[in-house]
Structure formats: C-alpha cells, structure tokens
Amino acid sequence: MSLLIKNARLVDGSGELGTADVLVAEGRIASLSGGDAARVVEAAGKVLAPALTDPHAHLRTPGQEVKEDLASGLRAAARGGYGAVLAMPNTDPVVQEPEQVQALLDEARKIPGARLFAAAALTRDQAGERLTPAALLAQAGASLLTDDGRTNEDAGVLARGLIYAGAAGLPVAVHAEDAGLRGGGVMNDGRLAAELGLSGNPHEAEAARVARDLEVLRYAVRKLEPLGRRPLLYFQHVSSARSVELIRAARAEGLPVCGEATPHHLTLSEDAWRDFDPLLKVAPPLRTTADVEALAGALEAGDLCAIGTDHAPHTRAEKERDLESAPFGIPSLEVAFALLYTELVAKRGLPLPVLIERMTSGPRRALGLEPARLEVGAPADLMLFDPGLERSVEPEKFISKARYSPWAGWRLSGWPLLTLVAGKEVWRDAAVA
Ligand SMILES: [Zn+2]
C-alpha cells in the first residue's frame with residue numbers, strides 16, 4: 001500500500017533536509033515531492049527520520065521468555081521508533097550455532113515489529129575458552145559476535161576471536177570490565193557508595209579492560225593486514241570519562257574501534273542511588289555527573305559512534321530483590337528516543353542530526369551496513385516523531401514485558417508516532433490520524 005507523509009521536516013544523519021512530502025511505495029521511498037497515495041498522513045510540525053537501529057538489546061529468546069520474547073521485544077522496539085534491533089546471545093541456551101541464528105531470524109520475520117539482527121556468542125557457552133565458528137555464523141546471518149553478559153578475561157581468546165571474526169567480516173562486541181577489579185560492586189565506587197554502605201565497582205575496572213582490549217585489537221589488525229581484512233572492536237555501554245579518552249586516542253590513531261553510549265549512562269548518574277532503587281542497578285554502573293558530561297561530549301564529537309539501549313528486561317520480582325542480589329539491567333526500548341531527544345537535544349543543544357546519526361548510521365556502520373538515508377530509492381524504514389508532544393513515561397503501558405523504568409514519571413517530548421519497516425506500519429500512535 002502506498003503512503004504519503006505530507007509536510008514533514010526531514011532529518012537524517014547527514015543533516016536537516018528541509019520540508020517535503022514523502023511518498024512510500026513498494027517498501028521504498030518513491031518520491032520526496034509528493035504523489036498519489038492510498039493513504040495520507042499529515043505531518044506538519046513533525047520530524048521524519050530513518051527508523052532507528054539498536055545495536056544492543058536483550059530480547060531473552062530462547063529460554064527466558066518470562067522476561068521478554070521476540071514479539072514483545074520487536075513490537076516494543078517499533079513503538080520506540082526502532083526499525084531494527086540486534087539481539088544479544090546470552091540466552092538459555094546461548095545462541096552459538098548457525099541453525100539457532102537462522103531459526104531466530106526466521107521466527108522474527110513473522111512478527112510485525114522491528115527487524116531482527118542476531119548476535120552470536122564469541123566463545124562456546126560464553127565461557128571465554130573455545131571460539132564459536134565465526135565464518136559459519138556469518139553465513140547463517142549473524143551480524144556480530146559477543147560474549148556480552150560476561151567479560152572476556154583471556155586476551156589470547158579475544159585476539160583470535162577478533163582475527164577469525166574479522167576474516168569473516170563480523171565485528172566483535174565486548175563488555176569491557178575487569179572481573180577482578182569490579183568484584184561484586186553494585187554501584188559506582190566512590191564517596192556515595194561508601195556513604196550508602198554499598199560495594200563499589202571502580203571506573204578503572206572498565207578503563208583497564210578498554211586499554212588491554214585496544215592492545216589486543218592492535219595485534220589483531222597486524223595479523224589480519226596481510227589478508228587485506230580488518231577486525232572491528234565494539235565497546236558496549238561505555239560508562240566513564242577515562243574509557244572515552246582511551247577510545248578517542250585509539251580512533252585518532254586509526255584503529256578500527258567503535259564505542260557505544262547507553263540512554264541510562266547519558267541521563268543518570270550515581271546520585272540517583274540516594275533512593276536505593278534496585279531498578280538503577282546496571283553493569284557497568286551509573287557513574288558521576290562528570291562521566292555523564294564526558295559521554296555526552298564524546299557522543300557529539302563522534303568519539304562514541306553509536307547509541308545502544310542495552311535494553312535488559314527482568315521480571316519485576318527479580319528487580320525488587322535486595323540491592324546485592326537483584327540482577328543488572330534497565331529496559332529502555334520504548335523511551336530511549338524521547339529520553340535522548342529531551343535530555344540531549346532539547347535541553348543541552350545537541351544537534352538533532354547528530355542524535356539521529358548515532359542512532360541510525362553510526363550503529364549500522366559498525367554492523368557493516370549502509371548508512372540510513374532519506375533519499376529516493378532507500379528502504380522505507382522510517383520513524384515519525386513529534387518534537388512538541390510532551391508526555392510522562394508510563395511504564396505500566398510498555399509493550400515490553402518489563403513494565404518498570406527509572407524514568408517513570410519523567411516528562412519527555414519527541415515521542416515516536418509512526419514507525420515503518422519496508423513501508424509497513426509496525427507502530428502507530430493514537431495521536432496519528
Ligand atoms: Zn554488557
């Protein structure tokens with residue numbers, strides 16, 4: 001079915017593109033200058049952007065569907081303006097066989113929601129010892145290899161993983177925390193942790209691992225060079241100013257590295273812990289306001305190249321255990337865009353095209369995909385949002401099974417109203433006629 005989106009302000013990662021009438025037909029952008037359509041959406045005052053890509057979400061399938069499943073996760077993503085989501089493999093069982101990747105991708109195609117990209121484990125059972133078959137996983141359609149949920153303790157295994165994945169054209173994502181240094185820390189190590197009597201996880205646990213992994217990457221680059229290939233190392237959920245400095249220097253040197261920022265590390269600091277809320281428990285932990293500033297600056301400068309939600313749903317009962325035993329993770333697919341639009345663009349002056357870039361082409365480039373552009377012929381994976389529409393975060397209305405949020409009650413603007421995947425509506429807000 002054809003669709004005409006009239007009078008929309010067009011923004012993609014390359015910049016502001018002016019106001020246009022966008023015709024969608026046969027799954028693609030057919031025209032930027034109007035045309036006949038079966039349906040018309042009046043979009044004056046609203047912004048049309050490429051649908052977002054989330055390079056980091058936990059959809060808990062297979063095996064943990066009590067927390068989330070493909071249908072709830074992909075529909076929640078669509079509601080959040082996402083047209084594609086990369087699902088992490090730390091499920092039960094771990095996603096590590098080519099057949100599992102194919103089965104997930106096949107299953108997701110039946111669901112009216114965001115597209116699914118699948119990550120597979122870097123090592124068998126994510127135990128950090130034996131590598132999974134990178135080339136076969138790539139053939140089966142895996143987009144990235146990672147042991148996320150765990151840290152990669154053995155530098156030799158990570159090095160070989162980067163080399164084999166690089167040879168197969170796959171990026172490797174790492175949860176960079178030194179297990180020994182982080183210990184059993186539940187929040188940022190510092191004065192507040194001491195004051196509250198909680199165990200601390202120091203930012204050095206992350207920075208030490210980032211520094212080591214960059215050396216491992218340098219080695220993998222040298223080994224792959226004769227084959228004409230390059231690895232790509234993707235640091236998930238970067239949380240501290242020091243890690244940002246290390247990544248900036250590595251990028252300046254030309255190393256193939258991308259750092260990710262999350263909505264929670266960009267908008268919350270350890271100070272939120274004064275309420276002793278286990279919903280704030282996340283790994284790596286929320287840091288200081290100076291770290292939040294450094295992350296926002298690095299995002300704008302491009303030293304951090306992507307925003308990943310690290311959407312990590314757990315049951316309410318699990319999250320309401322005591323602080324020491326509650327699981328790590330915050331669900332955010334449905335609020336990420338409005339949250340970052342409000343906090344970074346509206347309040348701090350981050351240029352909107354930069355936010356869009358870090359949530360579309362930035363992650364897509366890391367995954368080896370074409371940048372997302374609003375141009376004739378491009379796939380109609382689109383997101384329409386209203387910068388003027390202000391609403392409170394109401395977790396009880398989430399499509400995600402995790403119906404709680406550290407941002408509950410926050411007044412946000414920029415809510416996604418319409419999400420299209422290949423020209424099909426996968427999310428439509430009641431505010432769209
Ligand atoms: Zn992680």
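We did not get these values from a lab; they are worked out from the coordinates using the rules stated. Nothing here was measured: the structure is a model prediction, and the numbers come from that model. Reconstructed Cβ throughout: ideal geometry from the backbone, glycine too, with neighbour counts over all protein chains shown.
Can you figure out the FRET efficiency of Ala252 with Arg28, using R₀ = 35 Å and their beta-carbon distance, to the nearest 0.05? Show your work: numbers first, answer last.
On the way: r = 38 Å, r/R0 = 1.09.
It comes to 0.40.
Once you have the Cα-Cα distance between Leu196 and Asp429, take 0.36 nm times their residue separation minus that, and quote the gain in nm to one decimal.
Working: separation 233, 0.36 × 233 = 83.88 nm, distance 4.18 nm.
Gain on stretching Leu196 to Asp429: 79.7 nm.
Nearest 10 degrees, 0 to 90: what angle lies between the long axis of helix 70-79 and the longest principal axis of the chain (Cα atoms)?
Orientation of helix 70-79: about 60 degrees from the principal axis.
For Phe328 and Ala422 in the same chain, what is the full-extension length gain: residue separation times 0.36 nm, less their Cα-Cα distance, in nm?
Taking 0.36 nm per residue and subtracting the Cα distance, the gain is 30.4 nm.
Rounded to the nearest 20 debye, what is the charge dipole size of the chain about its Cα centre when +1 sits on each Lys and Arg Cβ and -1 on each Asp and Glu Cβ? Mind showing how you got there, number by number?
Working: 47 positive and 58 negative charges, 144 e Å.
That gives the chain a dipole magnitude of about 680 debye.
Explain nothing, just compute: Karplus ³J(HN,Hα) = 6.51 cos²θ - 1.76 cosθ + 1.60, θ = phi - 60°, for every residue of segment 6-11 in order, whole Hz, x for Gly and Pro.
9, 6, 7, 7, 8, 9
Can you tell which of Leu224, Leu280, Leu145 shows the greatest fluctuation in a Gaussian network model of the chain with Cα springs below 10 Å?
Maximum among the listed residues: Leu224.
How would you classify segment 387-433 from its alpha-carbon gyration tensor, with a ≥ b ≥ c the square roots of the eigenvalues: rounded for a/c under 1.5, else prolate if a/b is greater than b/c, otherwise oblate?
Values: a/c = 2.64, a/b = 1.43, b/c = 1.84.
In terms of gyration-tensor shape, oblate.
What's the longest uninterrupted piece of the chain once you rule out the GluC sites (Glu not before Pro) that are loop residues per DSSP with at most 10 other Cβ within 10 Å? Before the final figure, lay out each step's value.
Details: sites that count: Glu26, Glu253.
In the chain, the maximal stretch lacking such sites is 27-252.
For Lys46, list the aspartates and glutamates whose Cα falls under 19 Å from its own Cα; do not include residues on the same chain fewer than 8 positions away.
Asp12, Glu16, Asp21, Glu334, Glu343, Glu357, Glu375, Asp381, Asp386, Glu390, Glu425, Asp429
Taking 7 Å along the Cα-to-C-beta vector as the label spot, tell me the Arg274-Arg222 distance in nanometres, rounded to one decimal.
Placing both labels 7 Å beyond Cα along the Cβ direction yields 5.0 nm.
What is the angle, in °, between the Cα long axis of helix 203-224 and the longest principal axis of the Cα atoms in the chain? Nearest 10 is fine, range 0 to 90.
80
Cut-off 20 Å, label point 7 angstrom out along Cα-to-Cβ of Val66: give me the residues of segment 306-327 whose amide nitrogen falls inside.
What the label zone holds, given the 20 Å backbone N cut-off, is 312-327.
Which of Val40, Val172, Val354 moves most in a GNM of the chain, Cα contacts under 10 Å?
Sorting by GNM fluctuation, first place goes to Val40.
First check a/c for segment 51-371, with a ≥ b ≥ c the square roots of the eigenvalues of its C-alpha gyration tensor; if it is under 1.5, answer rounded, and if not, answer prolate when a/b is larger than b/c or oblate otherwise. Walk me through the numbers before you get to the answer.
Working: a/c = 1.30, a/b = 1.16, b/c = 1.12.
It comes out rounded by the Cα gyration axes.
Per-residue HN-Hα couplings for segment 132-143, Karplus 6.51 cos²θ - 1.76 cosθ + 1.60 at θ = phi - 60°, whole Hz, x for Gly and Pro?
With the stated coefficients, segment 132-143 comes to 7, x, 4, 5, 5, 5, 5, 4, 6, x, 5, 9 Hz.
So how much slack lies between Ala179 and Lys110, counting 0.36 nm per residue of separation and subtracting their Cα-Cα distance, in nm?
On the way: separation 69, 0.36 × 69 = 24.84 nm, distance 3.91 nm.
Stretched fully, the Ala179-Lys110 segment lengthens by 20.9 nm.
For segment 22-179, what is the convex hull volume of its Cα atoms per residue in Å³?
Details: hull volume 23.1 nm³, N = 158.
Hull volume normalised by residue count: 146 Å³.
In straight Cα distance, which lysines are under 27 Å from Lys401, not counting same-chain residues fewer than 8 positions off?
Excluding near neighbours in sequence, the set is Lys67, Lys110, Lys281, Lys319, Lys424.
Under a Cβ-only charge scheme (Lys and Arg +1, Asp and Glu -1), can you give me the dipole magnitude of segment 9-117 about the Cα centre, in debye to the nearest 20?
Details: 11 positive and 15 negative charges, 60 e Å.
Its charge dipole is roughly 280 debye.
Provide the per-residue ³J(HN,Hα) series for segment 226-238, in order, calculated from phi with Karplus coefficients 6.51, -1.76, 1.60 and θ = phi - 60°, each as a whole number of Hz, with x at glycine and proline positions.
Values, residue by residue: x, 8, x, 10, 9, x, 9, 9, 10, 8, 6, 5, 5 Hz.
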